[in-house]
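Here's the structure, in structure tokens; my notes come after.
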Amino acid sequence: MNPFTYSRAADVPQAIADLTAKPHAKFLGGGTNLVDLMKMGVEKPESLIDINRLPLEKVEELPEGKGVRIGALARNSDVAENELIKSRYPVLSEAFLAGASPQLRNMATVGGNLLQRTRCYYFYDPAFPACNKRQPGSGCGAIAGFNRIHAILGQSDQCIATHPSDMCVALAALEAVVRVSGPKGEREIAFADFHRLPGDTPDHETNLQPDELITAVDLPASKFAARSHYLKIRDRASYAFALVSVAVALEMGADGKIATARIALGGVAHKPWRALEAETALAGKPAGDEAFRAAAEAALANAKGYLHNTFKIELAKRSIVRALTTVTAKA
């Protein structure tokens, strides 16, 4: 373990000021990912700023029926069991409950979940020198290595790692908004713009600025959110990251056809992947196997597999069909 200092922030302005004064500092919430990375020698912060006393743990309705706001320090287990979330955004509750173990969900925070780092073997173990995330310019060991869990969409020749969060896949489908605060004030980031694809800079994973703090996530009110579902396919039924996951939400028209569809995939890309082509393919179509299969084909049309993970392409297609079939059956 590398030496570091520890302090507690009493409020949001102090937390931001402390971070600004210490460029190599990290915020500490639940610590379920950060502490692991520190133990492995991947993260080496010089200071930890404990933000657990900040008043950012509430889940509450937004005024004028505009949706629901989730504080950045709300624990995953609390959000999963919140009645507002379970009734209006079931896909998010299901995604939380599919992630990690109950003990970790009791500790992990929404803000920390947004900033989870990849579970790529080559990133997590400094014994492997080639990782452009840990050491830009060193190469990507996964491309010619063991890449069973790696990306099939949106990857680059610099990185084929995947984003590990379940929560974020649901938030992508729900078109959430991330609220952040920094020295220049508050701003909103559309969820589609929060995470980045690897490109030539896979070490830059989000568009959060180094001196900003996530304060909340807003879930807009929508007609499709209540009819939603999260499907996670993994190697074992508990405590495993997704090989492929699917968050789907549908609004059905009075004529029985699909009025609006939202689909996001996990386990397949460097960020939660909105399947926009699949959504377009479903609009105005009768719900059924034919439309679902066509949407799945559209979603994976540009997928590219590697030596060990080509199976993910067909797995993702079948997962989309299964998730859409399940959500269609919901009342």
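Evaluated at q = 0.18 Å⁻¹, a Debye calculation over the C-alpha positions of the range 89-242 (equal weights, vacuum) places log10 I(q)/I(0) at -1.22.
Remark: the range 175-180, residue by residue, has Karplus-estimated 3J(HN,Hα) of 6, 5, 10, 9, 9, 10 Hz, where x stands for each Gly or Pro and the curve is 6.51 cos²θ - 1.76 cosθ + 1.60 at θ = phi - 60°. For the residue pairs LYS66/LYS285; LYS66/LYS133; LYS58/LYS271, the alpha carbons lie more than 32 Å apart in LYS66/LYS133.
Calculated mean residue ellipticity at 222 nm for the chain: -8000 deg cm²/dmol, from DSSP H runs with n ≥ 4 weighted as -39500 (n - 2.57), summed, divided by the residue count and rounded to 500.
Between ALA254 and ARG119, full extension at 0.36 nm per residue minus the direct alpha carbon distance yields a gain of 44.2 nm. Annotation note: chymotrypsin sites (Phe, Trp or Tyr not before Pro) in the range 236-331 located in DSSP loop regions with a Cβ neighbour count of at most 16 within 10 Å are TYR239. Gain on full extension, evaluated as 0.36 nm per residue between ALA10 and HIS308 minus their Cα-Cα distance, stands at 102.5 nm. Taking a span of 20 Å or more along the helix axis (Cα atoms) and a mean Kyte-Doolittle hydropathy of at least 1.6 as the rule, no DSSP H helix of the chain qualifies. Look at the alpha carbon pairs under 8 Å that are at least 6 residues apart: their mean separation over the length of the range 1-118 gives a relative contact order of 25 percent.
The residues of the range 228-329 have, on average, 44 Å² of accessible surface per residue, using a 1.4 Å probe with all protein chains present. Solvent-accessible area per residue in the range 99-212 equals 41 Å², computed with a 1.4 angstrom probe and all protein chains kept. The mean sequence distance of close C-alpha pairs (under 8 Å, at least 6 residues apart), as a share of the length of the range 228-329, puts its relative contact order at 25 percent. Each Cα pair under 8 Å and six or more residues apart adds its separation to the average, and for the chain the resulting relative contact order is 16 percent.
Amide H contacts under 5 Å for ARG274: LEU265, restricted to partners 5 or more places along the chain or on a different chain, H placed in the peptide plane at 1.01 Å from N.
Taking each of LYS39/LYS86; LYS22/LYS232; LYS22/LYS184; LYS26/LYS232 in turn, the alpha-carbon distance tops 27 angstrom for LYS39/LYS86; LYS22/LYS232; LYS26/LYS232.
With R₀ set to 22 Å, the beta-carbon distance separating LEU276 from ASP157 gives a calculated FRET efficiency near 0.40.
Computed on the Cα atoms alone, the convex hull of the range 228-329 gives a volume of 93 cubic angstrom per residue. Magnitude of the charge dipole for the range 186-331, about its Cα centre and with charges confined to Cβ atoms of Lys, Arg (+1) and Asp, Glu (-1), is about 760 debye. Calculated on the Cα set of the range 2-133, radius of gyration then Dmax: 16.6, 53 Å. For ARG187 and ASN52, the FRET efficiency from 1/(1 + (r/R0)^6), where r spans their Cβ atoms and R0 equals 22 Å, is about 0.40.
Put a dot 7 Å past each Cα toward the Cβ at LYS285 and LYS330; how far apart are the dots in nm? Placing both labels 7 Å along Cα→Cβ, they lie 2.0 nm apart.
The values are calculated or read from the model by the stated rules, or taken from the named source; none is laboratory data. In this text, all values refer to a predicted model and were calculated from it rather than measured experimentally. Neighbour counts are summed over all protein chains in view; Cβ atoms, including those assigned to glycine, are modelled from backbone coordinates with ideal geometry. Ligands, DNA and RNA are stripped out before the accessible areas are found, and what is left, the full protein with its side chains, is counted by its heavy atoms. Shrake-Rupley method; radii C 1.70, N 1.55, O 1.52, S 1.80 Å.
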